[in-house]
Structures are given as C-alpha cells and as structure tokens.
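What follows is a set of notes on a single structure, which appears directly below.
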Amino acid sequence: MSLPSDFAREISDHAPQPGFDAVVDRARIGRRRRRTTVASGLAAAVVAAGIGVAVGDLPGGDASPEPANPTRTSDVEERIDAALPEGVRHVLGRDEVQAWDVSAADGVVAAFWRACGELGDPCQHAWTLRDGDEVTGGLIDAQSPVVTVVPDGWLIDEQRGSTLLLTPDGEVEQVGSVGDGGTALGPDDAAVLTSDGSRLLRDGALVAMPEPPDRPVVGAAYVAPGGRLVAATSDLDGWGAQATDDGRTWEEPTDGPPETLNVQVAGSGDHVAVMFIGAGPDRSVGIEQVIVSSDAGRTWTTAHGLDTKGADRSLDPYGMTVAPDGTTYLTTETEGLVRIDPDGGARAVPVSSQATSVFAHGDDICVVAKAGAIDQIQCSSDGGTTWAPQPLPGLS
Amino acid sequence: MGRWAMQRGNAGMERVHEVYDASYRRLVGQLTGVTGDPVEAEDAVMEAFARAVNNSRSFLDADNPEAWLRTVAVNVTRTRWRRSRFFRDVSHRLVAQESYADLPDDRITLLAALRRLPPAQREAIALHHLADLPVAEVARAVGSPEGTVKARLARGRTALAALLADADLQADPESERSPR
C-alpha cells in the first residue's frame, strides 16, 4: 500500500483561509469561557475538576502545549460495577468510551455509552441503568443508534430498520410500526425522532406524525398532556414552531430565524422550549434563537440574555431539557450550562465549563460534567445554586 | 496590566498573526488526515490559533510554534465528539459546498477509510505518512512514546490497506461526512 505523499499539500491548496479577525473573535469567545469557568469555581466547590481543566488554558504556564486528554487508569476500571454483564464492563473499560447520552425516566437514570476504535466493528454501544442501588446494563448492536426519552423509558433507533424500547426496569422490547395509526393524535402519544423521520410512539408502536398541509417537513416535536402537539415544522422558507390539538387543524407557525438549519424541541407539562440552531460563516454551530412557552405553544416568549449574534455568541449546543417548574436548561460548549426562566431570562449557571447531557430527574435538574478521566453527573434541587455529584450509572 | 505584560501580549498577538499567515493552510492539510474531514480540520486549527492568542506567553516560549499549534489542534480533535450530537445534523450541508468539491476520487476514498480507523492509528498514519512528519515529531504531537507510535503505524497500515481494498467502502454509512 502506498499513501499519497502530496495529500496534505493538496488539502492545503484547497483550504480557504479566513482573515485573522476570525482568530481574534474566536479567542475572545475562549476567554469568556475561561472567565465563566473560574467564576464557577468560586461559586461552587463541586466544580474542582472543571477548574483543573481550565487552568491548563491560562497564560503563564510553561512552554508546553496543553497535555493530551486524561487517559483512563486502572482506577476507572475498578469503578465499573461488578454486577454488570461482562460485555458491558468491557465497553465501559475501553479507553475511548464516552457517555454520549444520559437521561432519566420514571426515576431511573440511564447512560448510553459509545466506544469506537476496532476495525470492522468500529463502535460498540452499551446502556446502563441505575435505580437506587440497583444497576443493570446491556449492549446495543448498532453503529449509530439514536436515543429518545419517552414516558415508558428510552426508545433506541438502531438506524437499520429496528427500534427498541428500553424500559426503566431494564427490559428491552421490539417496537413495531403500524402506519398512520388511524387517529391523528392520542392523549398518551410521545413524539420521537427516528432515522425515518418524526414519529409518534403510541401503545408501544410507532405511528405516522401528523403534518400541517402547507409545511411538509416535521422535525423534533413534543406532545403536551392531553395530546396537544408542538412541533418544529418547515417549508421552503424556513423553520418554525407550530401546534395542533387534533393533528388536523394546525395553528399558524411562529417563525424561527432564517439561518436555522436544525431545531430541537423539549417540554414538561405545558412548558415547551424550542431551540433554533444555525451555522456561522466560520462553520461554527450556534444557537440562533430559543423560544419558550408556558401554555403548550399557544404563546411564545423569546429568550433574552443569550448572545446569538456577536463574537461571544453561544456555540455548539449539546442538550436541552425543560424542568417541571418550566425552567429550560441547555448546554453549550461556550457557556456550559445555561438556564432560561419561563419569562425568557437566560443566564449561565456555574457548574462546569464542559457540560454535555442535561436532564430532569424528578424535581432535580442534572447535568453531565467533565470530571477527570470520566464524566460525572451533577444534580441540583435548588435551580442550579448548589450541586451534588453522583457517578454515572455503572460506575461507583 | 503592567507595561511589560502588555508589550509581551502585543508581541504574542503579532507572532500568532505571523504564524497564522504562514502555517494555517499547511496545518489544515496535516490535520485533515487526523480528522478524516477537512472542515473538521479547519475548525480544529482555527481553535488552536485562538488558544495561541489566549496563551501567548506559552506560545512565544515554544521552540517550534507550528508544532505547538499542531499538538493543540490534535487535542482539540479529541474533544470534538462533544459537539458531534448536533454538529452532525448540519455539517454535511456545509461540507457539501465550496472548497473541497473537486478533490480526486481516490482522495475521497482515502478520507473515508481514515474515518474508519481507530483514532490513535489515524493520528499516527495521518501525521507520519500523509503529513510527512518524523516519528519523533508525531510522538510529541500526540503525547505518546515513539514506540507506541510505531506500533500504531504498523497496525494502522494493515487496517488501512484492508479498508482501501474493500470494495464495499463506498457504502460507508459515514459517507454523509464526505467532503463531497
């Protein structure tokens, strides 16, 4: 096998070079992230690991670049729960493993793990559940599964024609599809995104998602109690948020910014949040706008205090959830955790400079935060003022 | 801020600008093998320069600024997974356009194969064979001993040869991230 020695030069010849202003703008964003991290360290002792990461970025160190990412040690191996099946323990013990999605349903916390690396089977996936002191786990036989939290557990779309339901007691069931489902909307429906598009989960089966007549694309969606559907819908002109009570008659859409490329929707009770995501000229992925509703999408309030246009704009959103009290929480790479009150007021929450999954767990709000070689969960029962750590399911 | 620190800060910014003009595109070329995606490489290199601005003392003290940037960029690629959840949804629309549309097919195939290699092997193969860096410099960039890098190179060459011989590669489910 011979590899082209001119490959790097060839790419270089194609690469467009932005002006140096783009570097300066990005550096400014980085400085703000560092300030947030230091402030969070002053505010809460639980973020010691986050500070450790940030200190490596501070000027004044030696001439060495940042060290490589922390590698897992035998300490991590010893933290893997012995009660887990051997295959799951193997996945959690791999150097490359990441908890890519963590959430809670019916009082049970689930972590979905991904470890990529082996040739021919480049990624291994596993799930672990923790219910009190009980820990269970299993493997997922898929390369790019997509997980959605539903009232009865977690829907796992294996992206190859099969869909599974993982229940809070650790049972895995096949989920069938029954076409259009017969009725437009049901009171116990849950909205899910699958590889085939947006669907409703009804009575353990996937049924078609209703579509507004003049907006043929339905993306992420949420079904409020009573069966009212709030969905991201789109036509050729762009994305918006749109609601329907029966799936047949749709209200007028609330338009999102024209730059929108993707929309996320989350809800709890009648509280709903819609995040419009776009891409900047420098290819950064940023939040264009967030709107929140306390009446299941009848009226909307645009979040304020969230920088969506300037050099310090919020970039790289990762997760979003709505707490039972109507507060929306989202995570971004630039700001960590951000809370948006029902009146639209947004502010960064000092918990960690690196936060990924965020989810409601009963009345608590929990976030997965960087903590050395492997992440940990931080939960707050007072709206983000104080935080208590707990390990990811499957680890001690 | 004291006068000395201010002068040093200005010198740092000027130096980063100078190196940016001279090295940005070369670094993107080198990092593209590491990421398997030139757009991801652009992003990592841009982030490395931004960190150089914010770490100007460390950057100015570095014997080899380009090597400093390369190491930072490699580390950045290792944390990119954090953004992948939403990034994947939009990135294919972005990479489908503009700059890399006329890369030859064999380069597209090579990038697809690289994306399927384990990350550590991909880093070694990309920096040594594609970017033409000596093993010692690769070891510094990835933060591993030279012996480890050599072992990764050997395993990576075997794996890459098998992938490139695989006629089914065109069906790579990751192909949406191809620069075409």
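Every number in this text was worked out from the coordinates using simple rules, so none of it is lab data. Treat the numbers as computed from the prediction; the structure is a model and nothing was measured. Every residue, glycine as well, gets a Cβ built from its backbone with ideal geometry; the counts of neighbours run over all protein chains shown.
Could you compute the net charge surrounding A:R298? Neighbours are other residues with a C-beta less than 14 Å from the C-beta of A:R298; K and R count +1, D and E count -1.
Values: positive: A:R228; negative: A:D245, A:E251, A:E252, A:D270, A:D295.
Once all neighbours under 14 Å are counted, the net charge is -4.
Once the other residues with Cβ under 11 Å from the Cβ of B:V19 are scored (Lys, Arg +1; Asp, Glu -1), what is the net sum? Let's see the in-between values first.
Details: positive: B:R15, B:R26; negative: B:E14, B:E18, B:D21, B:E66.
Around B:V19, the charge tally is -2.
Would you kindly derive the ³J(HN,Hα) couplings of the range B:15-30 from the backbone phi angles with the Karplus curve 6.51 cos²θ - 1.76 cosθ + 1.60 (θ = phi - 60°), listing them in order in whole Hz, with x for Gly and Pro?
5, 4, 4, 4, 5, 4, 4, 7, 10, 3, 5, 4, 5, 4, x, 6
For A:W127, A:W154, which order do you get if you count the other beta carbons within 10 Å of each Cβ and list the fewest first?
A:W154, A:W127
What does the charge add up to near A:Q378, with Lys and Arg as +1, Asp and Glu as -1, over the other residues with Cβ less than 11 Å from its Cβ? All intermediate terms of the calculation are to be shown ahead of the outcome.
Values: positive: A:K370; negative: A:D364, A:D375.
Neighbour charge sum, excluding A:Q378 itself: -1.
Inside 10 Å of the C-beta atoms of A:96-106, what's the mean count of C-beta atoms belonging to other chains? Let's see the in-between values first.
Details: counts 5, 0, 3, 0, 4, 1, 0, 0, 0, 0, 0.
That works out to 1 on average.
Could you give each residue of the range A:208-220 its phi-based ³J(HN,Hα) in whole Hz, using Karplus coefficients 6.51, -1.76, 1.60 with θ = phi - 60°, and x for Gly or Pro?
These are the phi-based 3J(HN,Hα) values: 5, 7, x, 10, x, x, 10, 9, x, 10, 10, x, 4 Hz.
Give me the inter-chain shielding for B:18-28: mean count of other chain Cβ atoms within 10 Å, whole number please.
Partner Cβ neighbours, averaged per residue: 4.
By the gyration tensor of its Cα atoms, with a ≥ b ≥ c the square roots of the eigenvalues, what is the shape of the range A:231-345: rounded for a/c under 1.5, prolate for a/b over b/c, or oblate? Walk me through the numbers before you get to the answer.
Values: a/c = 2.19, a/b = 1.27, b/c = 1.73.
It is oblate, given that a/c is not under 1.5 and a/b is not larger than b/c.
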